[in-house]
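Enquirer: Quick one: the structure is below, questions incoming.
The values are calculated or read from the model by the stated rules, or taken from the named source; none is laboratory data. These figures come from a predicted structure and were not determined experimentally. All Cβ positions, even for glycine, are placed from backbone atoms using ideal geometry, and neighbour counts span all protein chains on display. Heavy atoms of the whole protein, side chains included, go into the accessibility calculation; ligands, DNA and RNA do not. Shrake-Rupley method; radii C 1.70, N 1.55, O 1.52, S 1.80 Å.
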Amino acid sequence: MEISKVHLELIRDLAGTFPTVAEPESVLSAKVWYCKYKSLLPLSQMRNLEELVIAGFPDDSFEFLGRLEKLRVLHILHMPKISNIAPLAKLMQLKSVSLATLPSWDASKKITTIQSLEPLAAIPELAYLELFGVCPPDKSLVPLERCRYLQTARISNYPMVEIERFFSETKIINKFNPEPSFY
């Protein structure tokens, strides 16, 4: 079966429910930008999704994202209800991850506390990482040192001494992630 390249773009939709997508398996990339949906669970039907950008993640779990086995790029801005990123460890093809709080939170040093960075270390192909205001309680970057293919990282709201230690002990370059292909 040949899949045509379909990009789904939903921007500032005021509806409370995610729209029905006629052929969800045909969607290869999606952008869901500050919509009022109560849940993004229907994204899990898009089994061939390779690139996903979300601003305003309404759910309290990443569990359904763990079903997107072909996902290579995941960028999420503002995920205030998330504390566990463990489902991301199931995404074996994931190469680029960006998890961020709102820029206004960054300026005020407000963070999203996650349980651990261990799930990111379990992603075998991870090459590009951004963590802006998304921190475990210990604010340690040590788990990321096990990411064999990690090439670049941008990190904020960790202690400067920890950020400097991380970059000095690894060959990782302090650089932003590549943009998704549909930008």
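Enquirer: Roll a 1.4 angstrom probe over the protein heavy atoms and tell me the percent of accessible area of the chain that is carbon or sulfur. Working shown, then result.
Expert: Working: 4930 of 9250 Å².
Accessible surface attributable to carbon and sulfur in the chain totals 53 percent.
Enquirer: Roughly how many nanometres apart are two label points built 7 Å out from the Cα toward the Cβ at residue 115 and residue 146?
Expert: Those two pseudo-labels are separated by 1.5 nm.
Enquirer: Just by accessible area at a 1.4 angstrom probe, what is the order of 7, 78 from largest to smallest? Walk me through the numbers on the way to the answer.
Expert: Values: 7 70, 78 35 Å².
Most to least solvent-accessible, the answer reads 7, 78.
Enquirer: Magnitude of the Cβ-charge dipole of the range 1-156, K/R +1 and D/E -1, about the Cα centre, nearest 20 debye? Before the final figure, lay out the partial values.
Expert: Details: 18 positive and 17 negative charges, 61 e Å.
Here the size comes out at about 300 debye.
Enquirer: Taking the Cβ of residue 14 as the centre, find all other residues whose Cβ is under 13 Å away and add up their charges (Lys, Arg: +1; Asp, Glu: -1). Provide the component values of the computation, followed by the final result.
Expert: Values: positive: 12, 36, 38; negative: 13.
Around residue 14, the surrounding residues sum to +2.
Enquirer: Suppose the chain between residue 22 and residue 81 were pulled fully straight at 0.36 nm per residue; how much longer would it get relative to their current alpha carbon spacing?
Expert: Numbers: separation 59, 0.36 × 59 = 21.24 nm, distance 2.93 nm.
In short, 18.3 nm is gained.
Enquirer: Spin-label point model (7 Å from Cα, Cβ direction): what's the residue 176 to residue 64 distance in nm?
Expert: Distance between label points: 3.0 nm.
Enquirer: Can I ask one more? Pick out, in residue order, every one of the trypsin sites (Lys or Arg not before Pro) in the range 42-149 that is DSSP loop and has at most 15 other C-beta atoms within 10 Å; say none if there are none. Please report the intermediate quantities before stating the final value.
Expert: Details: sites: 47, 67, 70, 72, 81, 90, 95, 109, 110, 139, 146, 148; in loops: 47, 70, 72, 81, 95, 109, 110, 139, 148.
Answer in residue order: 47, 70, 81, 109, 110, 139, 148.
Enquirer: Still on this structure, I have one more. Taking K and R as +1 and D and E as -1, what net charge do the other residues with C-beta under 9 Å from the C-beta of residue 34 add up to? Don't skip to the end; give the middle numbers.
Expert: Working: positive: 12, 36; negative: 13.
In short, +1.
Enquirer: A further question on this structure: In nanometres, what is the gap between the two model label sites at residue 107 and residue 41, each 7 Å from Cα along Cα-to-Cβ?
Expert: Calculated label separation equals 3.7 nm.
Enquirer: Among 177, 159, 8, which residue has its Cα furthest toward the positive end of the charge dipole of the chain, with +1 on Lys/Arg Cβ and -1 on Asp/Glu Cβ?
Expert: 159
Enquirer: With a Förster radius of 30 Å, plug the Cβ-Cβ distance of residue 161 and residue 33 into 1/(1 + (r/R0)^6) and report the FRET value to the nearest 0.05. It would help to have the intermediate numbers written out before the result.
Expert: Details: r = 35 Å, r/R0 = 1.18.
That pair, residue 161 with residue 33, gives E of 0.25.
Enquirer: Further question on the same structure: In this model, which of 38/95; 5/175; 36/139; 36/175; 36/110; 31/90 are farther than 25 Å apart at the alpha-carbon?
Expert: Numbers: 38/95 28 Å; 5/175 29 Å; 36/139 31 Å; 36/175 32 Å; 36/110 23 Å; 31/90 21 Å.
Checking Cα-Cα distances, 38/95; 5/175; 36/139; 36/175 exceed 25 Å.
Enquirer: Hey, if we sort 11, 85, 111 by accessible area with the 1.4 Å probe, largest down, what's the order?
Expert: Largest accessible area first, the list is 11, 111, 85.
Enquirer: Express in Å², to the nearest 10, the accessible area of residue 181 obtained by rolling a 1.4 Å probe over the protein heavy atoms while all chains stay in place.
Expert: Approximately 90 Å² for this residue.
Enquirer: Mind listing which chymotrypsin sites (Phe, Trp or Tyr not before Pro) in the range 145-181 are in a DSSP loop and have 16 or fewer other Cβ atoms within 10 Å?
Expert: Values: sites: 149, 166, 167, 176; in loops: 149, 176.
Sites meeting the loop and neighbour criteria: 149, 176.
Enquirer: Restricting to the chain, what percent of DSSP beta bridges are antiparallel, rounded to 5? Can you show the working numbers first?
Expert: On the way: 0 of 35 bridges.
Approximately 0 percent, going by the DSSP bridge assignments.
Enquirer: Using a 1.4 angstrom probe, figure out how much accessible area the range 42-171 has per residue, in square angstrom, rounded to the nearest whole.
Expert: Working: 5590 Å² over 130 residues.
Counting only protein heavy atoms, the per-residue value for the range 42-171 is 43 Å².
Enquirer: Let me ask another. Ordering 114, 155 by how much accessible area each has at a 1.4 Å probe, largest first, what is the list? All intermediate terms of the calculation are to be shown ahead of the outcome.
Expert: Working: 114 0, 155 25 Å².
Most to least solvent-accessible, the answer reads 155, 114.
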